[in-house]
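First, the structure itself, so that you have it in front of you.
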């Protein structure tokens with residue numbers, strides 16, 4: 001699968017094309033960034049709405065497999081990996097990214113996700129909720145966050161990502177920029 005770099009200018013154009021008119025000045029929106037990768041994008045989306053004088057709030061949500069917690073807590077391994085990957089040539093990084101994606105897509109998918117908000121949120125005070133993530137692979141994280149919110153409110157919920165990497169995802173976001181490519185984001189280990 002082709003690997004491309006995240007381009008903020010292209011993402012800004014995407015926001016203008018997809019979200020212009022999404023909200024009116026009388027509405028307010030809660031933007032939810034799925035951590036880790038969705039938060040930098042959610043901040044860009046919030047800035048976009050603020051330039052349009054539209055009231056928005058931003059909150060991050062953790063959504064991870066129970067087994068991911070232990071892996072994410074090992075900062076020594078993460079730091080070592082980042083150093084090795086930064087010194088690696090792009091063709092090797094692209095090859096490794098494709099292998100990782102293939103392995104993930106062949107694996108039996110565990111759909112269980114733990115959804116954790118930093119505090120209680122009154123979802124009903126918003127006209128719309130926009131969930132933002134960097135990539136949708138299996139779709140289970142996005143689906144878990146949507147289901148979690150639906151249990152608490154009937155407010156309209158929309159979703160957005162930069163890339164959908166798997167045509168068999170369990171959910172397609174309302175807005176997405178790319179499909180069938182892999183993206184190297186600046187915040188990725190190999191970014």
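The values are calculated or read from the model by the stated rules, or taken from the named source; none is laboratory data. All values derive from a computational prediction rather than experimental measurement. Positions of Cβ are generated from backbone atoms using ideal geometry, with glycine treated the same way; all protein chains shown enter the neighbour counts.
In the list 89, 118, which residue meets the criterion of being out of contact with any strand residue (DSSP E or B) (no Cβ under 6 Å at 6 or more places or on another chain), loosely packed, with under 13 Cβ neighbours inside 10 Å and at pLDDT 85 or above?
118
Those residues that are part of a strand (DSSP E or B) and under 18 Å from residue 22 (Cα atoms), I need them from the stretch 160-185; list them, please.
Applying the first criterion (part of a strand (DSSP E or B)) to the stretch 160-185 yields 160-164, 175-179, 182-184.
Within the stretch 160-185, 160, 161, 162, 175, 176, 177 meet the criteria.
Confirm whether residue 97 is at pLDDT below 90, surrounded by 13 or more Cβ atoms within 10 Å (Cβ to Cβ), under 21 Å from residue 10 (Cα atoms) and touching a strand residue (DSSP E or B) at 6+ places or on another chain (Cβ under 8 Å).
no
Whether any residue in the stretch 26-38 is touching a helix residue (DSSP H, G or I) at 6+ places or on another chain (Cβ under 6 Å), touching a residue at least 60 places away in the same chain (Cβ under 8 Å) and closer than 17 Å to residue 55 by Cα is what I want to check.
Within the stretch 26-38 (the criterion being touching a helix residue (DSSP H, G or I) at 6+ places or on another chain (Cβ under 6 Å), touching a residue at least 60 places away in the same chain (Cβ under 8 Å) and closer than 17 Å to residue 55 by Cα), the answer is yes, since at least one residue qualifies.
Same structure again: With respect to residue 145, determine if the residue is buried (at least 20 other Cβ atoms within 10 Å of the Cβ), in a helix (DSSP H, G or I) and at pLDDT 90 or above.
yes
Okay, moving on. For the stretch 168-191, enumerate the residues that are farther than 25 Å from residue 123 by Cβ, surrounded by fewer than 20 Cβ atoms within 10 Å (Cβ to Cβ) and in contact with a strand residue (DSSP E or B) (Cβ under 7 Å, 6 or more places away or on another chain).
If the condition is that a residue be farther than 25 Å from residue 123 by Cβ, surrounded by fewer than 20 Cβ atoms within 10 Å (Cβ to Cβ) and in contact with a strand residue (DSSP E or B) (Cβ under 7 Å, 6 or more places away or on another chain), then 178, 179, 181, 182, 184, 185, 190, 191 are the ones that fit.
Which residues, counting only those in the stretch 155-167, are loosely packed, with under 14 Cβ neighbours inside 10 Å and either free of Cβ contacts under 8 Å to residues at least 24 places away in the same chain or under 16 Å from residue 33 (Cα atoms) (or both)? Show your work before the answer.
So in the stretch 155-167, the residues loosely packed, with under 14 Cβ neighbours inside 10 Å come out as 156, 167.
Answer for the stretch 155-167, where residues must be loosely packed, with under 14 Cβ neighbours inside 10 Å and either free of Cβ contacts under 8 Å to residues at least 24 places away in the same chain or under 16 Å from residue 33 (Cα atoms) (or both): just 167.
Inspect all residues belonging to the stretch 3-12 and state whether any of them is at pLDDT below 70 and either surrounded by 11 or more Cβ atoms within 10 Å (Cβ to Cβ) or out of contact with any helix residue (DSSP H, G or I) (no Cβ under 9 Å at 6 or more places or on another chain) (or both).
no
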